[in-house]
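Derivation of every value follows stated rules applied to the coordinates shown; laboratory data play no part. Here the structure is a predicted model, which means the values were calculated and not measured. Cβ coordinates were reconstructed from backbone atoms using ideal geometry, including for glycine residues, and neighbour counts include every protein chain displayed.
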Amino acid sequence: MIQTRHLHRIAAFALALFVAGAGGAAAQSARPALRASVTVQGDLVRIGDLVENAGPVANVAIFRAPDLGTSGAVPTDRIVDAIRPHQLIDIDTRGLAEVTVARASRAIALKEVSDRIAEALSQQYGLGEPHHIGLTFDRPLRTFQVEAEAAGELRVLALNYDARTNRFDVTLDLPSSPILHRQPPRFTGTATETVDVIAVERPIERGAVLQAADLATLRRPKTQGAGITDPAAAIGLAARHPLRPGQPLLATDLMKPEIVARNETVTLIYQAPGITLTLRGQAQDAGALGDTVGVLNVQTKHVVQGVISGPGKVTVSAATLHLAAAAPPAKP
């Protein structure tokens, strides 16, 4: 029994040695190999960035990285020549002619810059809500790059604004970005408080009734005066004259939809207590619901005034007839 137990221990020990030896051999046989493409965070490219299984020399820097947010191709021969002095040999190039190296970054776009400037102008100079501040920059504003790990929001280092000229001068910073912190960007231009107004999306002819799909929102300087700002105030109304896109809608541009046309044959309705009569008439004017228009009674050839009560309908009340009958005759 003791001898059997001893043999089992020997066998287990031998198996452990075999496994350890196999693992060590596998580790030693892991051949360095080029990567087809890499992305680096810092401003240096290290051997371990370019080569898998680089071993002790993985952290050795051999190239400068591309500019932030850009990439470049490095020929394989140049990589091998740069690595050779560091005793890393027998590199598997995998048949690659070049390796693409990219530099990670965080992009700071126009909207991020504009939003921060508008917020600062709103807070420090009371120019209304930030989204109602229109900015025009003196120079075209392009997206710029900072370090990928640079977190947080842009901060305002300095801000000046002249209400007479609408000119602003602002310097921004991003404390978490060494690049931006060393050389804070400066922006100049004009800032104008704006309002949202309603315009038509496409040409509209006179008399056409506006629907929601016909309307668009425009932003214009507040100093130019406001037009209609609520789409609900325009929907369902008709164009008083032809409307064109890009022009803010005014209340005077719209009217209630005409439901009776000039010279249209209409139903003339006479109403008195307990009596309703209908006759055929001819509208002397165009009008909308509730408008007062003249109607020619085709039987009597007299013109009476009535109120448009529906499409093709004009109602004349007994009071209206009484007033018309009591009116003095026209002088010859």
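Odds and ends about this structure:
- Inter-site label distance for N53 and T276 at 7 Å from Cα along Cβ, in nm: 9.8 nm
- Dipole moment magnitude, nearest 20 debye, the stretch 258-326 about Cα centre, only Lys, Arg, Asp, Glu C-beta charged: 200 debye
- Gained length - L110 relative to S176, 0.36 nm times residue gap less alpha-carbon distance: 21.8 nm
- Nearest-ten-degree value, helix 2-29 long axis tilted from longest Cα axis of the chain: 60 degrees
- Taking the C-alpha atoms only, the angle from helix 110-125 to the longest principal axis of the chain is near 60 degrees.
- In the stretch 238-291, the trypsin sites (Lys or Arg not before Pro) that fall in loop regions by DSSP, at most 16 other Cβ within 10 Å: R240, R262
- Look at the alpha carbon pairs under 8 Å that are at least 6 residues apart: their mean separation over the length of the stretch 33-103 gives a relative contact order of 44 percent.
- Computed E for Q211/T265 - FRET, C-beta separation, R0 25 angstrom, nearest 0.05: 0.30
- Cα convex hull of the chain, projected area averaged across orientations, nm²: 43.5 nm²
- About its Cα centre, the dipole of the chain is roughly 380 debye, where the only charges are +1 on Lys and Arg Cβ and -1 on Asp and Glu Cβ.
- Remark: the stretch 291-301, residue by residue, has Karplus-estimated 3J(HN,Hα) of 6, 8, 9, x, 10, 7, 6, 5, 7, 8, 6 Hz, where x stands for each Gly or Pro and the curve is 6.51 cos²θ - 1.76 cosθ + 1.60 at θ = phi - 60°.
- At an R0 of 45 angstrom, the distance between the Cβ atoms of R94 and A151 translates into a FRET efficiency of 0.80.
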